[in-house]
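Encoded as structure tokens, the structure appears first; notes follow it.
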Amino acid sequence: MDNPNEQSRMDKIVSLAKRRGFIFQSSEIYGGLNGFWDYGPLGVALKRNLKECWWQDMVAGHDELATLPGAGSPYEMTGLDCTIIMHPQVWKCSGHFDLFHDWLVDCRESKRRYRYDHLQGRFATYRAKRVFIVSDQSGEEAVADSEAKALKFFGVRPKNSDEIQWQEGGLVPLARCIADGTVALAEALGPAATEPGTLTPPREFNLMFETRIGALAGGDDDRAFLRPETAQGIFMNFKNVLDTSRVRVPFGIGQIGKSFRNEITPRNFTFRSREFEQMEIEFFCKPDESAAWYRFWRDRRWNWYLSLGLTAGKLQLREHAADELSHYSVGTADIEYAFPFLATGEFGELEGIAHRGDFDLRSHSEGKLVRKDGALVVELGADGKPRHRGSGKDLSYFDDVTRERYIPHVIEPSAGADRAVLAFLCDAYHEDEVPDEDGKARSRTVLKLHPRLAPIKVAILPLVKKDGMPEVAIALYRSLKTQLACMYDEKGSIGRRYARQDEAGTPWCLTIDGQTLADQTVTLRDRDSLTQIRLPLNECVSALRTRLQES
Ligand code: GAP
């Protein structure tokens, strides 16, 4: 983090999330559990709204009769809800059992654990003593971190810092230096160590959480895994969906659900968690149309974030370079957001849109595939037999109009619900000034959430707690409650109540005042424009519905 303003902005967002009941640390009264988060009363509503928008916009509300520009033919969408624990063979054929790992290093002194690819450093020399100072930070923070560490290690005062000589060219990845032999582990000073040589050699660490099935668990046969992605449940049911519904290729299956990854270094609030939710689509199409469908989904998903109000200037679409692609992918683009906890110019992944080819359906029928001479072939063991056997089931598709049989190609837009919630929270957070009851400027914190995402759509507020105003307000609240997420609040001055709703992201407030009793009208206050208009009491529901639909 090289921008203190952004860091303090992030700190304020985290504190608001806790103070207003959006996000809490899991098991907090026991000191919390790293990488696990709970959603509080406002957070659960925000996250549900986000998932419902995704489901409605991508799956339930999709018009399968419409020919969409750029998409070629119309397509169908349907849904699934699969189990978290599946047959262990699923993960062998998907590649996760062998390949879904990160490299980690431990520090023997500090007992800390690091992701190998997150460590970088450079040599510092002082009076013939030389050490490779390692940092686990990124950007400018890593530079400042390593400079502070060098002063401490050599026992040099800050005013004499120019007596330390630094290796030219800035910080370099530790992994690269170890691989090319320019640094030995014995020379590396770990991020939280006081002496060099305490980092262990890197080792592979599979990210899948393991569990055991059954009361007599013990042998290897009982071993099972919590799913690290929801996608595989969709491939497991590809034939079931084809056989039991009327979908024809091209079509997509959507699923929202929990996934689990034993991340080595969960960090940045909910951004990298160990338990999180995904919103994934597996879209099945004809191989020769797959490139066009890949572009279609990339653009459709990009536009979805914009339609819910994410600031375009903070979003980036990034096509992966060939050496970044997953073991199955022939093309991937990430939709990324400039989260405030990142250094200026850095972006964090919100969603990946991958062209998975026929990798999954083929491996689940034939056995785990590997890339050999550019082609995907079944992996063989030393005995020449498939190392992981597939299901042996035919997962091809027969087009009864064209009489063609083929294995469909898959385009996969895979989004994280928690990361999206975090991005929308960060984007919505604003501090501005509003006039208070006396016309003086008052600073306010406001979440400018899109009305579809806002946990509460409207607050009903009697101006004062007397003169019959609460009775009218409660009757209005009861008539709205069955149709919209709304709340009633009569505690505190009207200014404080508006401020509370602004912080919760509530787009509208309805205030019942003296005039209401005389002419049956109420004040509708708009969170963003701060305009106030009068509305007949009996038109409130339709006025709010129209605003919500047009938002
Ligand atoms: N099926 C493909 C797949 O799972 P991924 O890029 O590993 O691809 C997709 O994950 C999305 O899931 C990411 O873009 C991110 O939004 C979310 N995600 C992945 N790991 C996460 C984690 N540790 N914490 C929170 N969200 C995560």
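The values are calculated or read from the model by the stated rules, or taken from the named source; none is laboratory data. On a predicted model such as this, the values are computed, not experimentally measured, just so you know. We place every Cβ from the backbone using ideal geometry, glycine too, and count neighbours over all the protein chains shown.
Assorted remarks:
- Screening the stretch 422-431 for residues that are among the aliphatic types (A, V, I, L, M) and either touching a strand residue (DSSP E or B) at 6+ places or on another chain (Cβ under 7 Å) or more than 10 Å from the ligand (Cβ to nearest atom) (or both) and picking the one that is nearest to Pro266 (Cα to Cα) gives Ala423.
- Yes/no for Leu310 being assigned to a helix (DSSP H, G or I) and among the hydrophobic types (A, V, I, L, M, F, W, C): no
- Qualifying residue in the stretch 342-350 (condition: closer than 23 Å to Gln56 by Cα, out of contact with any Lys or Arg (no Cβ under 7 Å at 6 or more places or on another chain) and crowded, with 21+ Cβ neighbours inside 10 Å): no
- Of all residues in the stretch 453-462, one or more are more than 18 Å from Ala499 (Cβ to Cβ), hydrophobic (A, V, I, L, M, F, W, C), touching a residue at least 12 places away in the same chain (Cβ under 8 Å) and outside any strand (DSSP E or B).
- Candidate set: the stretch 319-341, residues that are modelled with pLDDT under 95 and charged (D, E, K, R); chosen: the one surrounded by the fewest Cβ atoms within 10 Å (Cβ to Cβ): Asp323
For (1) basic (Lys, Arg); (2) surrounded by fewer than 19 Cβ atoms within 10 Å (Cβ to Cβ); (3) within 16 Å of the ligand (Cβ to nearest atom), each residue gets a yes or a no:
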| position | (1), (2), (3) |
| --- | --- |
| Asp222 | no, yes, no |
| Val249 | no, no, no |
| Gly254 | no, no, yes |
| Lys258 | yes, yes, yes |
| Arg267 | yes, yes, yes |
| Glu282 | no, no, yes |
| Asn303 | no, yes, no |
| Leu306 | no, yes, no |
| Gly313 | no, yes, no |
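- Among (1) within 30 Å of Leu447 (Cβ to Cβ); (2) out of contact with any Asp or Glu (no Cβ under 7 Å at 6 or more places or on another chain); (3) outside any loop (DSSP other than H, G, I, E, B); (4) within 15 Å of the ligand (Cβ to nearest atom), the one test that Leu342 misses: (3)
- Count of residues meeting criterion [assigned to a strand (DSSP E or B) and either touching a Gly at 6+ places or on another chain (Cβ under 8 Å) or more than 30 Å from Trp302 (Cα to Cα) (or both)] in the stretch 372-405: 12
- Of Val172, Val134, all but one fail to be touching a Pro at 6+ places or on another chain (Cβ under 7 Å) and within 15 Å of Asp117 (Cβ to Cβ); the exception is Val134.
- Of all residues in the stretch 60-108 being within 14 Å of Pro250 (Cα to Cα) and buried (at least 16 other Cβ atoms within 10 Å of the Cβ), the one that is modelled with the lowest pLDDT: Ala71
- Remark: pairs (first residue in the stretch 344-367, on the phi > 0 side of the Ramachandran plot; second residue more than 9 Å from the ligand (Cβ to nearest atom) and among the polar types (S, T, N, Q); Cβ separation under 9 Å; 6+ apart in sequence or on different chains) = Gly357/Ser290; Gly357/Ser329.
- Scanning the stretch 88-112 for residues that are in a loop (DSSP other than H, G, I, E, B), in contact (Cβ under 8 Å) with a residue 60 or more places away in the chain and not polar (S, T, N, Q) returns Gly95, Phe100, Arg108, Glu109, Arg112.
- For the criterion of being loosely packed, with under 14 Cβ neighbours inside 10 Å, touching a Pro at 6+ places or on another chain (Cβ under 9 Å), of a type in the set (Gly, Ala, Ser) and over 17 Å from Ser135 (Cβ atoms), Ala215 fails.
- Hits in the stretch 174-215 (condition: in a loop (DSSP other than H, G, I, E, B), of a type in the set (A, V, I, L, M) and touching a residue at least 24 places away in the same chain (Cβ under 8 Å)): Val183, Ala192, Ala193, Leu207, Met208, Ile213
- Residue tally, condition away from the ligand (no atom under 12 Å from the Cβ) and either polar (S, T, N, Q) or not in a loop (DSSP other than H, G, I, E, B) (or both), over the stretch 319-339: 4
- Residues that are more than 10 Å from the ligand (Cβ to nearest atom), β-branched (Val, Ile, Thr), more than 26 Å from Gly95 (Cβ to Cβ) and outside any strand (DSSP E or B) do not occur anywhere in the stretch 224-243.
- Restricting attention to the stretch 231-247, the residues being more than 30 Å from the chain's Cα centre (by Cα) and of a type in the set (S, T, N, Q) number 2.
- Qualifying residues in the stretch 355-397 (those that are at pLDDT 95 or above and hydrophobic (A, V, I, L, M, F, W, C)) - the one nearest to the chain's Cα centre (by Cα): Leu361
- Screening the stretch 393-418 for residues that are of a type in the set (Gly, Ala, Ser) and surrounded by 23 or more Cβ atoms within 10 Å (Cβ to Cβ) and picking the one that is farthest from the ligand (Cβ to nearest atom) gives Ala415.
- Ala292 part of a strand (DSSP E or B) and touching a residue at least 24 places away in the same chain (Cβ under 8 Å): no
- Residue count for the stretch 490-512 satisfying the condition of being outside any helix (DSSP H, G or I) and buried (at least 20 other Cβ atoms within 10 Å of the Cβ): 8.
- Ser479 modelled with pLDDT under 95, out of contact with any strand residue (DSSP E or B) (no Cβ under 9 Å at 6 or more places or on another chain) and under 30 Å from Ala17 (Cβ atoms): no
Residue-wise test of (1) touching a helix residue (DSSP H, G or I) at 6+ places or on another chain (Cβ under 6 Å); (2) more than 26 Å from Gly254 (Cα to Cα); (3) not small (Gly, Ala, Ser).
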position: Gly31; (1), (2), (3): no, yes, no
position: Asp38; (1), (2), (3): no, no, yes
position: Pro41; (1), (2), (3): no, yes, yes
position: Glu52; (1), (2), (3): no, no, yes
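- Scanning the stretch 345-362 for residues that are more than 10 Å from the ligand (Cβ to nearest atom) and not acidic (Asp, Glu) yields a total of 7.
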